[in-house]
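Take a look at the structure set out below.
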Amino acid sequence: MADFVRVAEATELPDPGKTLVEVDGDLIALFRVDGQFFAIDDVCTHDGGPLVEGELTDHKIACPRHGAKFDIRTGAALTMPALRGTRSHDVKIEEGGVWVRLRSDHATDGPSAHAAVAPTTHASGVLSGIASGQPSHASSRIAEAAAPPASSPSGNSSQSLSEELVYEMLKEVKDPELFVNIVDLGLIYGVMLSPAADAVDKQHVAIDMTMTSPACPAGPQLIADTKRAVGGHANVSAVEVRIVMDPPWTPDRMTDAARDQLGIF
Ligand code: FES
């Protein structure tokens, strides 16, 4: 087991307060709340955000990047998009100093039933974003265009094509880790239909979609599933999925239905 390392003077940190320290080469977020000290890894398990730079409220720290909250006493993940806890460490006060000893285990609890089994996350959300204006497309954007597949799994092909119908078809696409559809998660920023250049009775469908992090590992699958869900409609000539990272996803973009499904209250 590692030894305790003196990291600060006990009087240095305000109450409440937080600071970044280094222990055995690891970056540790050190907190003081109600006279007690706590230490957790300065790493958000969603996508590596620096927790010590987040907002501290009581015993909760909010990741400054996408808003996941962690319990500073245990390292447990309390809210999406983090699905698993970060490491918490032993702290003692001795000789006027704050001493930290690293632990090797992670808190395993998370905000949803899927938390314990998901090694990483990437969720997404934006239902309110659909109604709250178009996102800027100035930042990273990956254009993906595809011819529709031969058949549609949606069963909506008999209905006339509209933006509303596209949203319905998109509800068939589920995040592979969270098992919640991408509309309720808030991944869809917008849907645009325009006449196809090569067929009078068909339309080109452009879909603006976000991810919870630029390196989301499920991104390629979500793009492929989106094309498959929409591209099978008889009046679709092509589906273009444009990945938009500005504005970034935040947890408040999820619908109540998604929150219910994930057990977030
Ligand atoms: S990196 Fe912390 S919530 Fe995304």
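We did not get these values from a lab; they are worked out from the coordinates using the rules stated. Small disclaimer: the values here were computed from a predicted structure and weren't measured. When we count neighbours, we look across all protein chains shown, and the Cβ atoms used for this are built from the backbone with ideal geometry, even at glycine.
All other residues with a Cβ under 10 Å from the Cβ of K174 taken together, and with Lys, Arg as +1 and Asp, Glu as -1, what is their net charge?
Numbers: positive: K171; negative: E172, D175, E177, D184, D225.
Charge balance in the 10 Å sphere: -4.
Counting other Cβ atoms within 10 Å, keep those with at most 14, restrict to DSSP loop, and tell me which chymotrypsin sites (Phe, Trp or Tyr not before Pro) in region 164-247 are left.
F179
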